[in-house]
Amino acid sequence: MLGWFRGRRRAAPGIDERTPINEVAYAVIDTELTGLDGKTDSILSFGAVRMQGGRIGIGDAFYRLVSPKAAMKAENVVIHEITPSEVAAKPAIEAVLPEFLAYCGEAVLVGHLIAIDMEFLDRDARRVLGSPVPNARIDTFSIFIWLRKRYKTHPCFSAPLPSASLYDLAKCFGVPVGSAHNALMDAFMTAQLFQRFLPLLLATGARDMGDLLRIGIPFKGGDIHKLTGEISNF
C-alpha cells in the first residue's frame with residue numbers, strides 16, 4: 001500500500017460525469033513556486049494549456065509571471081531559472097489569479113502531482129476571491145499508478161523509476177523534455193503525457209468522467225522519495 005493519503009474526490013462543476021473521457025474539456029496546469037511551504041512561499045508563474053478530449057490546444061496557451069510575496073531562494077532560482085529582476089515589475093497574484101481562473105473556466109484541471117499546485121492556488125483563491133478553486137482536478141501521477149497495476153508488461157510501467165517526477169515519466173513515454181523547469185513547458189509536457197494515458201485508460205474499460213475522477217484522485221502529503229521507493233516494489 002502507498003503511504004500517502006488520497007485527496008477527496010471532487011465533482012466536476014458543469015460537467016455530466018457520464019460524459020466520455022475523450023469529450024471532456026481539460027485545462028492542464030503547472031506553477032513555479034518560491035518553495036514548497038504552503039504557508040510562507042508564493043507562486044512565481046502560471047502555465048496552462050487547454051485540451052478537448054485528447055486534442056491539445058497548442059495555439060491557445062496561458063503563461064504569466066507573478067511578483068511573489070515571498071523572498072526568492074537561490075536554490076530554487078537554479079531550478080526554474082526565474083530571477084528576482086524578471087518578476088520585480090510583474091503583477092501581483094491578486095491581478096493574475098482571476099485571469100488564470102478565467103482561462104481555465106469550468107474545465108477539469110489536470111496536473112502532475114497537482115496537489116502541490118492546488119495547495120497554493122486554493123490558498124490564494126480563498127484570500128483573493130473568498131473561496132478555493134471549484135474545479136475538479138486530476139493527477140497524472142495517480143493515473144500512472146492506476147495504469148501501472150493493469151499494464152505490468154508495458155516497459156514504462158514495469159521498469160523501476162528513478163523518481164516520481166514529470167520529467168522521468170515523460171522521457172519513458174516519448175514526450176520531449178527540456179532542460180529547465182518552466183510552467184508553460186511543464187504544462188505542455190503534462191498534457192502530452194495525459195494524451196498518451198487516455199487510450200490506455202479507454203482500453204481498460206474506463207469510459208467517462210466519473211471513471212476518470214475516481215482514477216485520478218490527487219495524491220497529497222508525504223515524501224516523494226518514499227513514494228518512489230514504494231513504486232519500485234509494485
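Things to note:
- Between T83 and R55, residue separation times 0.36 nm minus the direct Cα-Cα distance comes to 6.7 nm.
- Stokes-Einstein translational diffusion, segment 21-231 - Kirkwood Rh over all Cα pairs, 0.890 mPa s, 25 °C, in µm²/s: 140
- Neighbour counts of C-beta atoms inside 10 Å place R64, R150 in the sequence R150, R64, starting with the fewest.
- Take every pair of alpha-carbon atoms less than 8 Å apart whose residues are at least six positions apart; their mean separation over the length of segment 21-231 yields a relative contact order of 26 percent.
- Gain on full stretching of the segment that runs from F173 to K39 - 0.36 nm per residue minus C-alpha separation: 44.8 nm
- Theoretical FRET efficiency, 1/(1+(r/R0)^6), r = Cβ-Cβ of R18 and A102, R0 35 Å, to 0.05: 0.85
- Each peptide in 123-131, 185-193 was scored by the mean count of other Cβ atoms within 10 Å over its residues; highest first, the order is 185-193, 123-131.
- When each of K73/K149; K69/K220; K39/K171; K39/K73 is checked by Cα-Cα distance, pairs over 27 Å: K73/K149; K39/K171
- Spin-label pair R214-K73: with each label point 7 Å from Cα along the Cα-Cβ axis, the two points sit 3.9 nm from one another.
- Order of Y151, Y26 under a 10 Å beta carbon neighbour criterion, fewest first: Y151, Y26
- Qualifying GluC sites (Glu not before Pro) in segment 90-192, where qualification requires a DSSP coil assignment and no more than 16 other C-beta atoms within 10 Å, comprise E106.
Computed from the coordinates by the stated procedures, all read-outs in this text should not be read as laboratory data. Note that this is a predicted model, so its numbers are computed, not measured. All Cβ positions, glycine included, derive from the backbone under ideal geometry; neighbour counts span all protein chains shown.
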